[in-house]
1. Condition first: without any contact (Cβ under 8 Å) to a residue 60 or more places away in the chain and either acidic (Asp, Glu) or under 11 Å from residue 48 (Cβ atoms) (or both). Now tell me which residues in segment 98-123 satisfy that.
2. Can you go through 419, 430 and tell me which one is under 30 Å from residue 306 (Cα atoms), within 43 Å of the chain's Cα centre (by Cα) and not hydrophobic (A, V, I, L, M, F, W, C)?
3. For segment 55-99, give me the residue count where each residue is among the basic types (Lys, Arg) and either under 22 Å from residue 115 (Cα atoms) or buried (at least 18 other Cβ atoms within 10 Å of the Cβ) (or both).
4. Tell me whether segment 422-445 contains one or more residues that are within 30 Å of residue 274 (Cβ to Cβ) and either free of Cβ contacts under 8 Å to residues at least 40 places away in the same chain or surrounded by 13 or more Cβ atoms within 10 Å (Cβ to Cβ) (or both).
5. Which ones in segment 75-97 are touching a Pro at 6+ places or on another chain (Cβ under 9 Å), outside any strand (DSSP E or B) and touching a residue at least 40 places away in the same chain (Cβ under 8 Å)?
6. Criterion first (without any contact (Cβ under 8 Å) to a residue 24 or more places away in the chain and either under 19 Å from residue 451 (Cα atoms) or not in a helix (DSSP H, G or I) (or both)) does residue 276 satisfy it?
7. Pull up segment 291-332, narrow it to residues that are of a type in the set (Gly, Ala, Ser) and over 25 Å from the mean Cα position of the chain (by Cα), then point me to the one that is surrounded by the fewest Cβ atoms within 10 Å (Cβ to Cβ).
8. Hey, any hits in segment 252-262 for a residue that's modelled with pLDDT of 80 or more and either in a loop (DSSP other than H, G, I, E, B) or in contact with a Leu (Cβ under 8 Å, 6 or more places away or on another chain) (or both)?
Amino acid sequence: MYCKRVLGCGVARETAPIKYAFPHALLVICIGFSLLLCGRGAAATGGSISGTVKDASGGAIPKVSLIIRNLATGVQQNATTNDEGFYAFPTLDVGTYEIAIVFPGFRPYKRTGLVIDVGTKLEVDVLLELGEQSQQVTVSDTGLHVETESSQMGEVLASTQIEGVPLNGRAFTDLLGLQPGVVPISTGAQNQIVMAGLTNTPPSGDSNPGNQSINGQKENANGFSVNGSNVEEAVNMGVAVLPNLDSISEFRVLTNNFDAEHGNYMGGQIVVVTKSGTNQVHGDAFEFARNTALDSRPFFSLTRAEFDQNQFGGTLGGPIRQNRIFWFADYQGTRTTQGIDTGIQSVPSLADRSGNLTDLASTLTGAVSTPYMASQLSSRLGYAVTQGEAYYHSGCATTGSNACVFPGAVIPQSAWVAPAKFLLPYIPAPNIGANEFDSTSLDQIVRDDKGGVRLDANTRYGNFFVYYTGDNYFLNNPYPQPQGGANLPNGLGGDRSMPSRTVSCSSLTLVTLRRSAAVQSTNFTSATCGMPTISDSRMAA
């Protein structure tokens, strides 16, 4: 069994706070979580807007008050231009905004349709026109901006794009290969043994951990964050937390020239932001199904393997208090039963299993090398075997000048060692021709349940958020070959938790502090096939 629990808590503060009451208990809880939990910093969860305010002659206008409003939540922030006419909103959540200005002697100004994505730094200059207060100037933003405030490169995938692409497994990491500079496949195998016996366990059962080369760097050189907190597992540096796809607002893959806040990684930076509640109750429900009846038989397989998969869940969010406190929750369950095709494997023929190795006679070369080996064979076979005697050659007999150890290329069971006798029943008999085997009878089973809750609050002290997500899965793989070549069913499991805190202050200077911690344990269940252990007395014979 594998469990993940993720907790995030953040606070952002502006110099011009919004005036209204706020439940102090919620504030104390959020700050308490923030102070108690520790770790390392991660990526930003929003963007910023800055620019200058000028008149028609190009002169800067100081002391102009600007109000920016999130159209989905109604949350507002205030800023005032300095002596050079410069203003800044340094901490904005992902969303669509409008800027409004009312200044004596000039027409009221409104700029709408400003879209903030992960890591966006918009430069929006304002030109105020002389006129009456009753005459308003409204500018609709086109959504197309040249990035002049940041040198980092990367593409953004919004929720409409994420949900509009059919993904087998519903993991955002499957979309990494759509970005320029990202190799769409990984050379690593899931559940393989790496780094002194540590196992590469994929997230959510058997999902893509995102170990892909970005701009030619190593596959384990990428950084992953969810809502500003590091969610990278520490063995193979893949993602450890995969939020429900419908709960993701957007994610960005930074491929080059990252800002200093990222650091640590030479590859790409994958920054994920989940949805928050708005002033309108909104949500969805879904189920994606695959069924064996819709599949065909592989060309090289004797039978059609069972493959039944159901992924179901939904999201729901809304306001607790209009324009101030919002909630959002999500859940996704996955149930998969997939027959694992062994492929065509070479196995001992029925004659071989009885000791008749006529079909392998040409390989029975060599001779008895030591007196001890000759003594052991003589005792088990019941006839004399001497040192230097050939194991087999055509037309040989047990005695005489043409003697050999195994006449007719038949090895009596009396000469078999104990491990061979007791391991042979676990090797399947051939079902294709004389010595080949293929089967889809054993199933890999995945049970995965994940969910999350996010709480956002706009207070006199700034903007707070609390984010909690959990992922609990069980994986039973009948053929975990990467674990040392085993061929028995086993289970995988572990635990991970991740807290986060974000603090921002000043309208012109942004200070961001984050605290994160991760704990993971992986547990393997014991085999249940009845295979004897090495300490079994029968194996020691």
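The values are calculated or read from the model by the stated rules, or taken from the named source; none is laboratory data. As the structure is a prediction and not an experimental result, all values here were calculated from the model. Cβ atoms come from the backbone with ideal geometry, glycine included; neighbour counts cover every protein chain shown.
1. The initial filter retains those residues of segment 98-123 that are without any contact (Cβ under 8 Å) to a residue 60 or more places away in the chain, namely 98-113, 115.
98, the sole residue that qualifies.
2. Details: 419 fails: under 30 Å from residue 306 (Cα atoms).
The unique qualifying residue is 430.
3. Quick first cut of segment 55-99, residues among the basic types (Lys, Arg) only: 63, 69.
Filter again for either under 22 Å from residue 115 (Cα atoms) or buried (at least 18 other Cβ atoms within 10 Å of the Cβ) (or both), leaving 69.
Number of matching residues: 1.
4. Our first condition is that a residue be within 30 Å of residue 274 (Cβ to Cβ); within segment 422-445, this holds for 444-445.
Subsequent filtering for residues that are either free of Cβ contacts under 8 Å to residues at least 40 places away in the same chain or surrounded by 13 or more Cβ atoms within 10 Å (Cβ to Cβ) (or both) retains 444-445.
Yes; the residues of segment 422-445 include at least one that is within 30 Å of residue 274 (Cβ to Cβ) and either free of Cβ contacts under 8 Å to residues at least 40 places away in the same chain or surrounded by 13 or more Cβ atoms within 10 Å (Cβ to Cβ) (or both).
5. Answer for segment 75-97, where residues must be touching a Pro at 6+ places or on another chain (Cβ under 9 Å), outside any strand (DSSP E or B) and touching a residue at least 40 places away in the same chain (Cβ under 8 Å): just 82.
6. Numbers: without any contact (Cβ under 8 Å) to a residue 24 or more places away in the chain: no; either under 19 Å from residue 451 (Cα atoms) or not in a helix (DSSP H, G or I) (or both): yes.
It is false that residue 276 is without any contact (Cβ under 8 Å) to a residue 24 or more places away in the chain and either under 19 Å from residue 451 (Cα atoms) or not in a helix (DSSP H, G or I) (or both).
7. Of segment 291-332, the ones of a type in the set (Gly, Ala, Ser) are 293, 296, 301, 305, 313-314, 317-318, 329.
If we keep only those that are over 25 Å from the mean Cα position of the chain (by Cα) too, we end up with 293, 296, 301, 305, 318.
Values: 293: 8, 296: 6, 301: 16, 305: 21, 318: 16.
Out of the qualifying residues, it is 296.
8. Our first condition is that a residue be modelled with pLDDT of 80 or more; within segment 252-262, this holds for 252-255.
Applying the additional criterion that residues be either in a loop (DSSP other than H, G, I, E, B) or in contact with a Leu (Cβ under 8 Å, 6 or more places away or on another chain) (or both) yields 252-253.
Yes, the conditions are met somewhere in segment 252-262.
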